[in-house]
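The values are calculated or read from the model by the stated rules, or taken from the named source; none is laboratory data. Values in this document were obtained by computation on a predicted structure and should not be read as measured data. With ideal geometry, Cβ positions are generated from the backbone for all residues, glycine too; neighbour counts draw on all protein chains shown. Heads up: the accessible areas ignore ligands, DNA and RNA and are worked out on the full protein's heavy atoms, side chains in. Shrake-Rupley method; radii C 1.70, N 1.55, O 1.52, S 1.80 Å.
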Amino acid sequence: MREKEWRIYAKKADFDGLSKKLGVSPYTVRILRNRGLTTEEEMRDYLYGDLGSLHSPFLMKDVKKACEIISGKIREHKRLMIVGDYDIDGVCSIAILMKGLTRLGADVLWRVPHRVKDGYGINDSIVTEAKEAGADTIITCDNGISAHSAVSYAKQLGMCVIVTDHHSISPDGLPEADAVINPHRADDDYPWPGICGAVVAWKLIQALFKGAGYDDEAYLDYLEYAAMATVGDVMELKGENRHIVKNGLYKLHMTQIPGIRALCDACEIEAKDISGYHLGFVLGPSLNAGGRLETANLSAQLLLTEDAAEAKKLAEHLRQLNDDRKAMTTTAIEAAILQIETTPIINDRVLVVYLEECHESIAGIVAGRVRERYYRPAIVLTPAEGGAKGSGRSIDGYDMIGEITAAGRFLSKFGGHPMAAGLSLPTENIDAFRKALNDNCKLTKEQLVEKYWIDLPMPVQSVSMDWLEEMTLLEPFGNGNEKPVLACRDLTLQSMKKIGKAGQYLKLTFFDRKDMTRFEAMLFADCEGFLMEMMRKYGTAVVNGLLTAGANSKSPVDMSIVYEPGINVFRDVKSIQIIVRDYHFHVK
């Protein structure tokens, strides 16, 4: 097993004082401080803030201008064309704009690019298509900020273009659109720029509704889409995003949107139980599966349909596509690991893997899993027209887009940011590209050890049900607001039991040598790796003995664990559940 370097947060604050003012335990205040919150005001907003904390859409540059243009086009009965993207953020953006503009009386069409045939975002071909469909105005969502050529072409055809996007501004500046709404504009004063494309679209609808005299809360009819996109596009769950997702989950629990209800049914989830986890790892991937393996039209249609029978059919198809995608991903990850561990690539600090049988749409997912397994920057390439294309995922301390740019002579096309990138290149350049990246890599041995940050060192016996109930105030969890993790040492592993349909999980029984108590914990991830690591350190006899015997007080397995405490509900009975997230063996 690749061991991580454990570090415990040591941030300072008046924990007891803030605890009394906020009405929560000092432990909870420590976690809030660990998440970067410093003042009572920030912590109170985090714990108890609501949609009243959201910023006005008119703080974004060009929102007022875009509202004037769109309102005028609606009055003149001009046709509008929405152009989105093929991921969850893109299709949720389309749903928000389509429903909002239709409600305002607009004549509006939508178009989502095909991942392979069209590539990312608006292009000249889509502009031509919009013109031939009689569209006077194009509104982009979740794309368009770098589409200088396509926007210029639309303007040449006499069309109006409004760009709504959330991606970084390219070095070429803004496209020559009639309005450009993007909180990352250098001249934009929006207080929370880290919002997704769907939230930008949602803010535009809010502004349009206000101008049309609608009720102040009318735009909340589309809150579910904004929340789903925020989690699905892995935005940081801080500030405005946190309030959108937290309140969006409340709405999702009783949603009447046929497509969302049907997708919950297809994924065997009760709408009332939807959590941030379900958005990020069940419903979101199902919506993304359409754009990955077939067409994102399926996902957009699902979110837009009002017909329950059509929604059921689309949802079941997307669920099946996601199952197919998961199987393909597992196969591709296994192929990547085999290639790395049976070739000299294993010695590289930057892993560049070419998978001839991998579908190009899952290259980024596979790169992320490779990065997690080896904690090294990883780039996964797949066959594509004219050569190879792929995606990269980075680690702290390695500017992926900067390093790829330095090796740009081997590439046909590339783009991205320090932690992730996309690229294409001739197949014959792969080896030279790999060598250039590694020759130029300045990562040290220390940087290649993952840092695992722990919120609190705490014996398991100190975890109470009352505190776990209080920790629900910290939800929803996700990027930028991870689940709290604790650490416990001086443990003896006394027994193990394989559970699950295929025996793929482990129930572990520990003895705490400090307080002389015994507790059970679950290990769900990489149980085989756990057993293999133990076997290497203690021998096969010890492992087999722990798997077959009862609690063994003479066990030689001395451990420390990082764990996540939680509440397990079985037949309406609540109990504390301990989930092991990482571990260290201490061989005597």
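Starting from the residue with the highest accessible area, list Thr330, Thr548, Thr343 in decreasing order, probe 1.4 Å.
Result, largest first: Thr548, Thr330, Thr343.
Label region 396-439 by shape, choosing from rounded, prolate and oblate, from the square roots a ≥ b ≥ c of the eigenvalues of the Cα gyration tensor; if a/c is under 1.5 it is rounded, and otherwise prolate applies when a/b is larger than b/c, oblate when it is not.
Verdict is oblate for region 396-439.
Quick one: of Lys246/Lys272; Lys11/Lys442; Lys73/Lys155; Lys389/Lys442; Lys251/Lys272, which pairs are farther than 18 Å apart, Cα to Cα? Numbers along the way, then the final one.
Numbers: Lys246/Lys272 14 Å; Lys11/Lys442 30 Å; Lys73/Lys155 16 Å; Lys389/Lys442 25 Å; Lys251/Lys272 9 Å.
Violating the 18 Å limit, Cα to Cα: Lys11/Lys442; Lys389/Lys442.
Using a 1.4 angstrom probe on the protein heavy atoms only, line up Lys61, Lys445, Lys73 by accessible area, largest first.
Values: Lys61 90, Lys445 165, Lys73 35 Å².
Largest to smallest exposure gives the sequence Lys445, Lys61, Lys73.
Determine the share of the chain's accessible area contributed by carbon and sulfur atoms, expressed in whole percent, with a 1.4 angstrom probe.
50 percent
Within region 107-143, which trypsin sites (Lys or Arg not before Pro) sit in a loop by DSSP and count at most 16 neighbouring Cβ atoms inside 10 Å?
Of the trypsin sites (Lys or Arg not before Pro), the ones in loops of region 107-143 whose Cβ has at most 16 other Cβ atoms within 10 Å are Lys117.
From the residues Tyr250, Leu423, Thr331, which one has its Cα farthest along the dipole of the chain in the positive direction, the dipole being from +1 and -1 charges on Cβ of Lys/Arg and Asp/Glu about the Cα centre?
Positive-most Cα among the choices belongs to Thr331.
Obtain the radius of gyration and the Kirkwood radius of the chain from its C-alpha atoms and give Rg over Rh.
Reported Rg/Rh, Kirkwood definition of Rh: 0.98.
Express in whole angstrom the spacing between the alpha-carbon centres of region 307-334 and region 376-418.
Cα centroid to Cα centroid, the span is 28 Å.
Between Lys574 and Arg513, what FRET efficiency follows from the Cβ-Cβ distance if R0 is 45 Å, with the result rounded to 0.05?
0.95
For region 156-268, take the convex hull of the Cα atoms, compute a quarter of its surface area, and give me that in nm², please. Can you show the working numbers first?
Details: hull surface 38.8 nm².
If you wrap the Cα atoms of region 156-268 in a convex hull and average its projections, you get 9.7 nm².
Assuming a ≥ b ≥ c are the square roots of the Cα gyration tensor eigenvalues, decide whether region 369-415 counts as rounded (a/c under 1.5), prolate (otherwise, with a/b larger than b/c) or oblate. Walk me through the intermediate numbers first.
On the way: a/c = 3.32, a/b = 1.36, b/c = 2.45.
In terms of gyration-tensor shape, oblate.
Explain nothing, just the number: dipole magnitude of region 494-588 about its Cα centre with +1 on each Lys and Arg Cβ and -1 on each Asp and Glu Cβ, in debye rounded to the nearest 20.
Charge dipole of region 494-588: 260 debye, to the nearest 20.
Checking the cross-link filter: which aspartates and glutamates have an alpha carbon closer than 12 Å to that of Lys21, excluding same-chain neighbours under 8 positions apart?
Here the aspartates and glutamates satisfying the reach criterion relative to Lys21 are Glu40, Glu41.
In what sequence, largest accessible area first, do Met235, Met535, Met60 appear using a 1.4 Å probe? Could you put the intermediate results ahead of the total?
Details: Met235 30, Met535 75, Met60 5 Å².
Largest to smallest exposure gives the sequence Met535, Met235, Met60.
With r as the distance between the Cβ atoms of Lys65 and Ser170 and R0 = 22 Å, compute the FRET efficiency 1/(1 + (r/R0)^6) and round to 0.05.
0.55
Could you work out the local net charge near Ala133, counting Lys and Arg as +1, Asp and Glu as -1, over the other residues with Cβ closer than 13 Å to its Cβ?
Combined, the nearby Lys, Arg, Asp and Glu give 0.
Run the numbers on the chain and let me know its relative contact order in percent, using alpha-carbon pairs under 8 Å that are six or more apart.
Relative contact order here is 11 percent.
Subtract the Cα-Cα distance of Met254 and Glu428 from 0.36 nm times their separation in residues, and report this length gain in nm to one decimal.
57.2 nm
What do you get for GluC sites (Glu not before Pro) in region 404-464 restricted to DSSP loop and a cutoff of at most 14 other Cβ within 10 Å of the site's Cβ?
Loop-located and lightly packed - Glu446.
Return one whole number: the accessible area per residue of region 1-83 in Å², for a 1.4 Å probe.
55 Å²
Please work out the C-alpha center-to-center distance from region 431-457 to region 1-69 and express it in whole Å.
Region 431-457 and region 1-69 have Cα centres separated by 30 Å.
If each DSSP helix of 4+ residues adds -39,500 (n - 2.57) and the sum is divided by the residues in the chain, what number results at 222 nm, nearest 500 deg cm²/dmol?
Value at 222 nm, helices only: -12000 deg cm²/dmol.
Is region 33-128 best put as rounded, prolate or oblate by its Cα gyration tensor, with a ≥ b ≥ c the root eigenvalues, rounded for a/c under 1.5, and otherwise prolate when a/b is larger than b/c, oblate when not?
Cα axes put region 33-128 in the oblate bin.
So what is the relative contact order of region 243-298, in percent, for Cα pairs below 8 Å that sit 6 or more residues apart?
27 percent
Where in region 98-123 is the amide nitrogen less than 20 Å from a point lying 7 Å along the Cα-to-Cβ axis of Arg75?
The answer is 101-108.
Using a 1.4 Å probe on the protein heavy atoms only, what accessible surface does Asp307 show? Give it in Å² to the nearest 10.
Ignoring ligands and nucleic acids, Asp307 comes out at about 80 Å².
Find, among the GluC sites (Glu not before Pro) in region 288-395, those assigned to loop by DSSP (not H, G, I, E, B) with at most 10 other beta-carbon atoms within 10 angstrom.
Passing sites in region 288-395 are Glu306, Glu356, Glu357, Glu385.
Tally the DSSP beta bridges in the chain and give the antiparallel ones as a percent, rounded to 5.
Antiparallel bridges make up about 65 percent of those DSSP assigns within the chain.
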